[in-house]
Amino acid sequence: MTPRPFLLSQQMADYVRASSEAPDDVVTDLIAETSAMAERGELSATMQIGPDQGAFMQLLTRALGVRTAIEIGTFTGLSALSIARGLPDDGHLLCLDLNADWTAVARRYWDRAGVGDRIELRLGPALTSLRALPAEPTFDLAFVDADKTGYAAYVDELHPRIRENGVILLDNTLRGGHVLEPRSDDDRAIAELNVRLAADPRWETVLLPLADGLTMLRRR
């Protein structure tokens with residue numbers, strides 16, 4: 001199982017999940033397979049969003065009426081699955097990732113959930129793939145959960161490609177609390193980005209204390 005949100009006790013985290021829409025068998029099995037891969041040392045289960053965050057992202061995608069979305073950092077596919085389930089039948093999600101093995105797991109679960117036809121996966125450096133896209137408003141929603149030192153560049157490249165009133169979600173923007181006293185390059189990159197985004201006139205910004213911190217940006 002993915003770790004509980006660090007701001008909550010285990011009891012409160014269990015209560016939050018019990019008070020939210022329960023994950024179905026597809027999500028439960030995907031989390032279990034990812035955890036098994038982590039136990040074999042093939043990956044880190046902490047890279048997977050929690051089911052409560054997935055439920056929020058699915059609800060938000062549907063509530064915003066998102067038709068086109070982009071994800072930077074797909075891992076084993078739970079976040080993409082959540083977004084795709086919130087899209088209409090003719091919606092489209094573009095996923096950018098480097099790892100063919102992890103995303104092969106994702107593809108199996110997308111197909112099992114019946115949303116594989118809504119998702120396009122492009123393998124390669126995400127920034128290169130992103131810069132190759134037309135620099136024009138295309139996406140209603142973006143989710144970024146990749147290399148933390150790259151977040152600032154991803155946000156800058158996404159800006160011209162996000163429609164007015166479109167939303168970007170940035171994951172792990174509390175860094176387990178280390179944004180207060182950064183210990184690594186990743187911590188420092190996110191702490192500096194948080195300060196910058198709060199003052200950036202291009203975006204309406206809120207950092208939600210969900211999971212490990214989820215920053216929501218609305219393009220003005």
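The values are calculated or read from the model by the stated rules, or taken from the named source; none is laboratory data. All values reported here derive from a predicted model rather than from experimental measurement. Heads up, the Cβs are rebuilt from the backbone with ideal geometry, glycines too, and the neighbour counts pull from every protein chain shown. These accessible areas exclude ligands, DNA and RNA; they are computed on the full protein's heavy atoms, side chains included. Shrake-Rupley method; radii C 1.70, N 1.55, O 1.52, S 1.80 Å.
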(Q) Looking only at helices (runs of 4 or more DSSP H) that lie completely in segment 1-111, which have at least 1 residues being over 27 Å from L127 (Cβ atoms) and open to solvent by less than 50 Å² (accessible area, probe 1.4 Å)? (A) 10-18, 25-39, 51-63
Q) Condition test on T173, is it outside any strand (DSSP E or B) and touching a strand residue (DSSP E or B) at 6+ places or on another chain (Cβ under 7 Å)? A) yes
Q: With respect to D200, determine if the residue is open to solvent by 10 Å² or more (accessible area, probe 1.4 Å) and within 20 Å of A126 (Cβ to Cβ).
A: no
Q: Keeping to segment 196-220, report how many residues are free of Cβ contacts under 8 Å to residues at least 12 places away in the same chain and outside any strand (DSSP E or B).
A: 3
Q: Looking for whichever is over 12 Å from the mean Cα position of the chain (by Cα) and within 20 Å of A104 (Cβ to Cβ) here; the options are E21, E71, E42. Which one fits?
A: E42
Q. With respect to G166, is the statement that it is open to solvent by 10 Å² or more (accessible area, probe 1.4 Å) and either in contact (Cβ under 8 Å) with a residue 60 or more places away in the chain or under 19 Å from the mean Cα position of the chain (by Cα) (or both) true?
A. no
Q) Could we say that G65 is in contact with an Asp or Glu (Cβ under 9 Å, 6 or more places away or on another chain) and at pLDDT 95 or above here? A) yes
Q. How many residues are at pLDDT 95 or above, open to solvent by 30 Å² or more (accessible area, probe 1.4 Å) and touching an Asp or Glu at 6+ places or on another chain (Cβ under 8 Å) when one looks only at segment 203-220?
A. 3
Q. Among the residues of segment 127-138, is any modelled with pLDDT of 95 or more, over 17 Å from the mean Cα position of the chain (by Cα), open to solvent by less than 40 Å² (accessible area, probe 1.4 Å) and among the hydrophobic types (A, V, I, L, M, F, W, C)?
A. yes
Q. How about segment 176-195: which of its residues are assigned to a helix (DSSP H, G or I) and surrounded by 13 or more Cβ atoms within 10 Å (Cβ to Cβ)?
A. G176, D186, D187, R188, A189, I190, A191, E192, L193, N194
Q: Please find, within segment 7-36, the residue that is farthest from R112 (Cα to Cα) out of those that are among the acidic types (D, E) and in contact (Cβ under 8 Å) with a residue 12 or more places away in the chain.
A: E21
**Q.** Failed item in (1) more than 26 Å from V16 (Cβ to Cβ); (2) within 18 Å of the chain's Cα centre (by Cα); (3) not in a helix (DSSP H, G or I), with E157 passing the rest
**A.** (3)
Q.
Regarding segment 147-154, can at least one residue be identified that is crowded, with 20+ Cβ neighbours inside 10 Å and over 24 Å from W102 (Cβ atoms)?
A. no
